[in-house]
Structure formats: C-alpha cells, structure tokens
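Heads up, the thing below is written out as structure tokens.
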C-alpha cells in the first residue's frame, strides 16, 4: 500500500501552529497542531473531547458554516484536523482564531454533552479545553497564510 500524505510529513520538525495539510479537489484539510509531536505532552481525552464539541459547534454556527466540512481530533492527540470548502486561507485562519477565543472564554453547559447526544458524555474537561484554547490563541495570534506551509 502507498504511504498516506500525513505520514510523509516530518514530525520531528513540526511545531505548534496551523498548516495546510492537503487539498483534495475543493476540500482543504488544515492541520492544527496543538502539541509538539512526540514531545511527551499530549491532549488529554476529556479536554480534547470538550474542545471538539465547542470547536465544531462554533465553526458550524459561524458565517462560514456552509464551508465547514469536518472538525476532529488527531488520533495521536497532538491536534485537530479542520476540513473546509470555499473558505479562503485567510478566512480559515480567522475562523480558527475566533473558535479558539470562544472556547477560551466559554462558560456553561458543553453543547451535545448529554447521554442521548454523545457517545462518551461522561468524559469532558472544560477547564482543560479552555487552557488549550488560551495557549493556541497566543500561538496563532499573528498567524498568516505564509505560515501555512509545513517546515522543510
């Protein structure tokens, strides 16, 4: 079998940030790297789960909702994939920044976190999700389209 594109990225060079992972037709996949790969610190399951609920809810209710295809965590627990269609790179970066600012300040019930709505409703960590969002907000503060390319 052929090696998939994400396994061809040199994970020893990846830093926290937002990268364009691939383009499939008109669908863009962004790699939002929140932890340094193999760095020993990873997203906890509860915080990652809560972050997913809040990120997806905000993005799918934003002015770009029709262009949001998917928001989901990486299996390695170092970040999230964000798939879009018809959203410019600049707008995708802006939307991610908005999502993270929303999560950093969020209070209240976690959307979709009841037993009928969620397959693992007991495992959520809002303080952990907010901490991740605050850290990433600082990292992405001045992020530009020119920084979307993986480091060589």
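Of note:
- Computed lengthening from residue 36 to residue 135, 0.36 nm per intervening residue step minus Cα-Cα distance: 34.4 nm
- Amide N proximity, region 19-39 versus residue 151 label position 7 Å along Cα-to-Cβ, cut-off under 17 Å: 19-21, 31-39
- Projected label points at residue 118 and residue 10, each 7 Å from Cα along the beta carbon direction, are separated by 3.9 nanometres.
- Between the Cα long axis of helix 89-105 and the first principal axis of the chain there is an angle of about 30°, rounded to the nearest 10.
- Once the Cα atoms are used to define both axes, helix 45-60 deviates from the longest principal axis of the chain by about 80 degrees.
- Dividing the summed -39500 (n - 2.57) terms of all DSSP H runs of n ≥ 4 by the residue count of the chain sets its mean residue ellipticity at 222 nm at -10500 deg cm²/dmol.
- Ranked for footprinting exposure by Cβ neighbours inside 10 Å, fewest first, 9, 96 give 9, 96.
- Computed P(r) (all Cα pairs; the chain; 5 Å bins; percent): 2, 9, 19, 22, 22, 15, 8, 3, 0, 0
- Volume of the Cα convex hull of region 28-87, divided per residue and given in Å³: 68
- Fully extended contour minus Cα-Cα distance, from residue 1 to residue 109, at 0.36 nm per residue: 34.5 nm
- Taking 3, 131 and counting other C-beta atoms within 10 Å, the order from fewest to most: 3, 131
- For residue 65 and residue 89, a Förster radius of 22 Å and the Cβ-Cβ distance give a FRET efficiency of 0.75, rounded to the nearest 0.05.
- Ranking of 114, 50, 78, 137 by count of other Cβ atoms within 10 Å, fewest first: 114, 137, 78, 50
- Among 55, 64, 80, residue whose mean-square fluctuation peaks in a GNM of the chain (springs only between Cα atoms under 10 Å): 64
- Label-to-label distance, residue 142 versus residue 77, with points set 7 angstrom from Cα along the beta-carbon direction: 3.3 nm.
- Centroid-to-centroid separation of region 104-152 and region 1-52 [C-alpha atoms, Å]: 14
- Shown here are the Rg and Dmax of the Cα trace of region 3-56, at 12.8, 35 Å.
The numbers here are math on the coordinates, done by the rules we state, and not lab data. Computed from a predicted structure; not experimentally measured. Cβ coordinates were reconstructed from backbone atoms using ideal geometry, including for glycine residues, and neighbour counts include every protein chain displayed.
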